[in-house]
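Submitted below is the structure of interest, expressed as C-alpha cells.
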Amino acid sequence: MKTSLLKFILLLPLFVAAQVSTNPSPILINQPVTITVDINSNDSDCNGISNPSKVYAHLGVGTDSDEYGVSVVGNWGQDDGVGEMTNNGDGTWSITLTPNTYFNLTSTQESQVTKMGMVFRNAAGNQELKASGCSNFVFNIGAFQVTMINPSPSANGIIVVDNGANTQILAQNTNGPANYELFANGVSVHTQNNTTFYNGYLFSNLTENQSCELVVTQNGISVSKTFLIIVNNTINEDLPAGLKNGINYNSSDPTKATLVLNAPGKDFVYVAGSFNNWSPSSVYAMKKNITDNKFWLELTGLTAQQIETFQYWVGDMTPVPNSPKLVKVADPFSTLVLSPFDDPYIPESSYPNLPSYPEGQEREVTVLQTGQSPYNWEVPNFSKPEKEDLIVYEVLIRDFDADRNFQNIIDRIDYFKNLNINAIELMPIMEFEGNESWGYNTSFHMALDKFYGTKEKFKELVDVCHQNGIAVILDVAFNHAFGRNPMVRMWMDDPDGDGWGGPSEDNPYFNVFPTHSYNVGNDFDHSSEHTKEYVKQVVSYWIEEFKIDGFRWDLTKGFTQNCGNGTYDGNEGCTGSYQQDRVDVLKEYADHSWSIDPNHYVIFEHLGSDNEEKEWANYRLEEGKGIMMWGIMNSSYNELTMAQSGNKNIDRMGHKAHAGFNGPRVIGYAESHDEERLMYRNLAYGNSSNTAHNVQDPNIALSRMSALGAMSVMVPGPKMIWHFGELGMDNSIFTCNNGTTNFPGNADGNGDCKLDTKPQPQWTDNWLTDALRGQIYEDWSKLHQLKIEEPVFKGDYTITSGNLTPRIDVFDNTLPTSSLNNVIILSNFDVVAQTVNTNFPSGVATTWYDLMDPTGNTTVSNSTAAITIPAGQFRILGNQPHTMGIEDRVSPSLSIYPNPSQTSFSINVNVTNVEIYDLTGKLIKTYTGDFTRTDTLDVSTLKPGVYMIKAKNQTNQILTTKLVKL
C-alpha cells in the first residue's frame, strides 16, 4: 500500500515557461527576489508583448489552488509605475521585490502563501504575456514545499464523501524531515514528526463536515494547508407548496426564510453563511425534492432586519471530466450580492452603508435580510402611455451625469419632463461584472448593480418617473451570462481548477458552444425548461417588485438552438434566417410578461428579416398587444445630416415599409448606443462644398439637427432617441475616458474605446444655455409634445425620401376636419436653400398652419405651390393649429453667439430686420432681410462696447438681447 502510494505521489516539478526565471529559486517569502522575463522567446498562446516602451509585472500570491488568492499587486491597463519592470536592453525585463513587504502580508498570510502568480503586460494592458495554454506563470514560494496527496492537488482542497465513509489524509514535503499536526474543526486530532511523508490520520464513519488544517514545520518555518471534508448528508423530502427559486421570506415570521435551489444532477447542497460561521454542519444540508431535483432548506432563528450573507456549496459525487466535485456559489436568484472584486470601488455616495463582504470567503455571496420594510409607492398603478405615442429616451446611467447613479436620473427629472419624452429605457442595471460597464455582461439578472445605487433608490427613480408620466423600460440581456453567473459555475468546465470556466456538457442552462453567430459570454439554451423557468421568474420579479413597464430584449437573434457548428464560430446565414424555435420561445416569454401586466411593453432588438419580425409585431395585435421591434436607421439619416450622396431612404422608420407588419410597432431610431454619433460624422465627413453652409462647421452641423428630429420622431409609431442627441452630442462613441478617441483597427493595436466611460460636456459646459444646442432641445421638445398630444400622429402616413428633401405626410381621415387631421413635414438637408413643392392634399384646408409656431399665427395658403426652405431647416404644416398644451409654452428668447464677439454673430431663431443700438438708444446698424440660425451678421466695424440687439421673429414678436463687442 505505502509503496504504491509513494510511486503515485512523487513530487512533480512545477512547470515554468522558459521565458521567466527567478533568483533565488525557490522564492523566499521574506527575502529579495529578482524576476526576469524574456519577451523575445514568446512561446505563449496569449498574444505576447511587441516592442513595448514599458513592461509591467502583474503579480499575486496565494495558495496551491489559487496563486492570486491572498494578495494581488498591479492595476491592469494603468501606466502608474506599480509593477513596472527595468529594461535590461537585451529583450529581458526585471523587477526586484521582497514578497512579504511587496504584498503587505500579515504573519498569518505568510504561513498560507505557497505560490506566486505572474502575468506580464505592456503599459496599456492590451498586450499580455502568459504561459502556454494562456495560464498564469506560477512559482513556488518557500524553502520547503508541502504537497497534499489527499485531498489531491486537482481537488482544490476539498474531499467529498458519502455519509459513513472513510478517508485518509496524505501529504509529503521537500527539503528533509518535518513535523506534521492535523486540526479538524479547530481541534488537534493527530501529529506525526520527523518525516517527509504524512500518512497518519484516517477519518472513519464520517457523518459531519470537517474543516481541516495541516500545519507542517521545518527548521522553525511553518506551512499551513487548509482543506474541507464534505459529507453527502442529503435526505429526500417534498418541497412545500408555493415556494419559488431563491429566498422565500416568511411573511408572518421574520425569524424564518426558506431557500430553494434548482440543481439538476447534483448530489448534495449545503448552505454556508454568516449564521453558521461559514462552517455548515449536517443541519444545513439542503433537502432534495425528488420529483424535480430542487434542493430546499428552511432557515430558523434569524433576526429581523439583520444582514446575513450566504453561499451554496453544491456537490457532485461523480462530475463529468474537468468539472469540480464542489462549487461555492451565490444564489442565482439573488436580489443583492456582495462582490470582493467590485464592492471596494463603489462610492459611499451611491450606495450608503453597503454591507461588508464577509472576510475569508471567495467570489460573490448572497445577502439575506428578513423583515424588510416595503416601499411606499406614490403611484401604485401607473397608466402607461400608448405604444403608438412612445418617445423612448435611451440612457446609460454610467454616462448620464457626474455621479453615475440612480440619484442623477431623479435629480434630472425636469430635464426629461421638459423634453416631453414619455419613456426612459435604461441600459442594463442588473449586477454585471466590474462597475463601469454597459451592463450587457450580466451575471445576476435579479440583482441591481450596486454601483448605481440601492434597491430603495431605484424604486424612488421609478416612482418619480411615474409621477411625471414617464414609463420605465429595462434593457435585459437574456441571451447570455458571464463567468460569475452561478448557473455557469455549478456546471462548469474547469480543467485548470481555478474556479472559473465555461459551461460543461451537463449544464442544464447553457450551451457548451454558442448556437448563433453573435455570441458573447456563455450562450443560454432557451430550449431548456430550466432556462425558461429562470427567465420567467426574473421577468416576474422586475414587474412585481419594481413596477417596471417594459423590457427591451437584447440580441434576440441569439434565442435559437439551430445555428451552431460545435465551435465558437456561429453560422451567420442560419442566424439571420427565419428560425421557428426562436419565434416560439420569444412569443412564450411575451405571453408571460402579459400574464403579469397586460399592458407591458415587449421590445425585441432583433434587426432581422421581416418574415420573422412580423410574427412578433402582429402577435396578439387584435388584443392591443403586439411586440415592438427596434428599427435602426442610423446610416440613412446620417447621409441626410451630412448632406452626402449615400442611401437616404428613410421609409423603414415606420412600420409600413416592413413587409407584413399590421400595426405601428417599429421603434425607429437614428441613433442608439451601438452606432456612431451623427454629429461626430457630420463634423468629420459632412458636405463642405458650400463655404456659407459647410456641414463640417460645428455651428452649421448643429443647426441641422432639429430637422433630423422632425423627419424621424414624427413618423407615426413609437420612436427612440439616444441620450444627448437632443443636444447635438458630438463625442464619438469611441471616445476614451480621457477625452481622446481610439477607433477599431487602429495601428497602435490598443483596441477601441467604445465601452469606455465617457466625458460629460453636456453638463460641465452647460449645453442647455448654448444657443444652438439649447435650440435643438427646444425644437425636439416641441416635436415630442406635438406627436404625443395630437391624435393624428396615431394615424396613417406616407414617406417620400431618397433625396435631400424628404417629406412625411401624416393623416387620419377618421378625425373631424375641425381638428388637426392632416400634417405635412417638409425638410431641406441640402447645403443650399431649396424650393419645395407643397402638394397640399385637395379639399383638406385652405390655410395651413406652422405647427412649430406656438402662437399659431404663421400660415401658408393652400394656393401656394412651393415654399423656400433654408439649408438644413424644416417646416411642419397642419390643417389646424396645434392648441393642446399651449398654456405651458413660452415664446422663444433671443440669444446670439458668440457673445462676446470680435467680428460677427449669429442668432438662435429665424428673424427679420435686425437692429443694433448703443446704450444711449441710438440706432447704430441695421440688417434688412430674413435671417436663420446659420447666417452671420458682421460687426467688425463696431467699436468695443455693449450694444442692444433688436429683431422681429416670424410671428412679428419683438425680441431683444445684449451684445458685448470686443
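The values are calculated or read from the model by the stated rules, or taken from the named source; none is laboratory data. Keep in mind the model is a prediction, meaning the values are calculated, not measured. Neighbour counts run over all protein chains shown; Cβ positions are idealised from the backbone, glycine included.
Please go through segment 766-821 and pick out each residue that is of a type in the set (Val, Ile, Thr) and assigned to a helix (DSSP H, G or I).
Across segment 766-821, the qualifying residues are THR769, ILE776, ILE788, VAL792.
Kindly evaluate PHE559 against the criterion of being modelled with pLDDT of 95 or more and over 27 Å from PRO374 (Cα atoms).
Yes.
Something else: LEU261 passes all but one of (1) touching a strand residue (DSSP E or B) at 6+ places or on another chain (Cβ under 7 Å); (2) in a loop (DSSP other than H, G, I, E, B); (3) in contact (Cβ under 8 Å) with a residue 60 or more places away in the chain; which number fails?
Of the numbered conditions (1) touching a strand residue (DSSP E or B) at 6+ places or on another chain (Cβ under 7 Å); (2) in a loop (DSSP other than H, G, I, E, B); (3) in contact (Cβ under 8 Å) with a residue 60 or more places away in the chain, the odd one out for LEU261 is (2).
Name the residue that is farthest from ILE409 (Cα to Cα), counting only residues in segment 471-507 that are buried (at least 23 other Cβ atoms within 10 Å of the Cβ) and without any contact (Cβ under 8 Å) to a residue 60 or more places away in the chain.
ASN507
Kindly provide the set of residues from segment 528-542 that are farther than 15 Å from ASN248 by Cα, touching a strand residue (DSSP E or B) at 6+ places or on another chain (Cβ under 9 Å) and in contact (Cβ under 8 Å) with a residue 40 or more places away in the chain, ordered by number.
HIS530, GLU533, TYR534, VAL535, VAL539, TRP542
Is segment 262-270 home to any residue that is exposed (fewer than 14 other Cβ atoms within 10 Å of the Cβ) and within 20 Å of VAL365 (Cβ to Cβ)?
No, there is no match, as no residue in segment 262-270 is exposed (fewer than 14 other Cβ atoms within 10 Å of the Cβ) and within 20 Å of VAL365 (Cβ to Cβ).
Could you look through segment 675-691, keep only residues that are in contact (Cβ under 8 Å) with a residue 40 or more places away in the chain and surrounded by fewer than 17 Cβ atoms within 10 Å (Cβ to Cβ), and pick out the one that is farthest from ALA833 (Cα to Cα)?
Per the criteria, the residue is TYR685.
For segment 905-929, which positions are aliphatic (A, V, I, L, M) and either assigned to a strand (DSSP E or B) or outside the structural domain of GLN957 (by the TED database) (or both)?
Once the filter is applied, which keeps residues that are aliphatic (A, V, I, L, M) and either assigned to a strand (DSSP E or B) or outside the structural domain of GLN957 (by the TED database) (or both), segment 905-929 yields ILE907, VAL911, VAL914, ILE916, LEU923, ILE924.
For MET642, state whether it is within 17 Å of PRO718 (Cα to Cα) and hydrophobic (A, V, I, L, M, F, W, C).
For MET642, the condition - within 17 Å of PRO718 (Cα to Cα) and hydrophobic (A, V, I, L, M, F, W, C) - is not met.
On to the next question. Has segment 625-638 got at least one residue that is among the polar types (S, T, N, Q), closer than 22 Å to TRP553 by Cα and touching a residue at least 40 places away in the same chain (Cβ under 8 Å)?
Yes, there is a match, as at least one residue in segment 625-638 is among the polar types (S, T, N, Q), closer than 22 Å to TRP553 by Cα and touching a residue at least 40 places away in the same chain (Cβ under 8 Å).
When you check ASN150 against the structure, is it at pLDDT 90 or above and out of contact with any strand residue (DSSP E or B) (no Cβ under 7 Å at 6 or more places or on another chain), yes or no?
It is false that ASN150 is at pLDDT 90 or above and out of contact with any strand residue (DSSP E or B) (no Cβ under 7 Å at 6 or more places or on another chain).
For segment 526-533, does any single residue satisfy the condition of being surrounded by fewer than 23 Cβ atoms within 10 Å (Cβ to Cβ) and part of a loop (DSSP other than H, G, I, E, B)?
yes
Which one of these is in contact with a helix residue (DSSP H, G or I) (Cβ under 9 Å, 6 or more places away or on another chain) and over 24 Å from ASN647 (Cβ atoms): LEU804, LEU815?
One residue alone meets the criteria, LEU815.
Across segment 692-709, what is the number of residues that are hydrophobic (A, V, I, L, M, F, W, C) and surrounded by fewer than 24 Cβ atoms within 10 Å (Cβ to Cβ)?
Of the residues in segment 692-709, 1 are hydrophobic (A, V, I, L, M, F, W, C) and surrounded by fewer than 24 Cβ atoms within 10 Å (Cβ to Cβ).
If I ask for residues that are part of a strand (DSSP E or B) and buried (at least 23 other Cβ atoms within 10 Å of the Cβ), which ones from segment 274-287 would you list?
ALA285
Next question, about the same structure. Taking VAL329 as the residue in question, decide whether it is touching a Pro at 6+ places or on another chain (Cβ under 6 Å), among the aliphatic types (A, V, I, L, M) and more than 30 Å from PRO664 (Cβ to Cβ).
In short, yes.
Next question, about the same structure. If ILE230 meets every condition in (1) free of Cβ contacts under 8 Å to residues at least 60 places away in the same chain; (2) more than 28 Å from SER25 (Cα to Cα); (3) of a type in the set (A, V, I, L, M) apart from one, which number is that one?
(1)
Could you pull out every one of the strands (runs of 3 or more DSSP E) wholly within segment 35-113 that has 3 or more residues that are not polar (S, T, N, Q)?
55-62, 92-97
Of everything in segment 444-459 that's part of a loop (DSSP other than H, G, I, E, B) and touching a residue at least 60 places away in the same chain (Cβ under 8 Å), which residue is surrounded by the fewest Cβ atoms within 10 Å (Cβ to Cβ)?
THR454
Using the structure shown, decide if ILE776 is among the hydrophobic types (A, V, I, L, M, F, W, C) and not assigned by the TED database to the domain that holds ALA833.
For ILE776, the condition - among the hydrophobic types (A, V, I, L, M, F, W, C) and not assigned by the TED database to the domain that holds ALA833 - is met.
Could you please find all residues in segment 599-622 being out of contact with any Phe, Trp or Tyr (no Cβ under 8 Å at 6 or more places or on another chain) and either among the basic types (Lys, Arg) or in contact (Cβ under 8 Å) with a residue 12 or more places away in the chain (or both)?
Once the filter is applied, which keeps residues that are out of contact with any Phe, Trp or Tyr (no Cβ under 8 Å at 6 or more places or on another chain) and either among the basic types (Lys, Arg) or in contact (Cβ under 8 Å) with a residue 12 or more places away in the chain (or both), segment 599-622 yields ASN599, GLY608, GLU615, TYR619, LEU621.
May I pose another question? Could you check segment 204-214 and list, in sequence order, the residues that are surrounded by fewer than 20 Cβ atoms within 10 Å (Cβ to Cβ), in a strand (DSSP E or B) and touching a residue at least 60 places away in the same chain (Cβ under 8 Å)?
Listed by number, the list holds a single entry, SER211.
Could you check ASP523 against (1) under 25 Å from the mean Cα position of the chain (by Cα); (2) closer than 17 Å to ASN262 by Cβ; (3) in contact (Cβ under 8 Å) with a residue 40 or more places away in the chain and say which number it fails?
Only one criterion in (1) under 25 Å from the mean Cα position of the chain (by Cα); (2) closer than 17 Å to ASN262 by Cβ; (3) in contact (Cβ under 8 Å) with a residue 40 or more places away in the chain is unmet by ASP523, namely (2).
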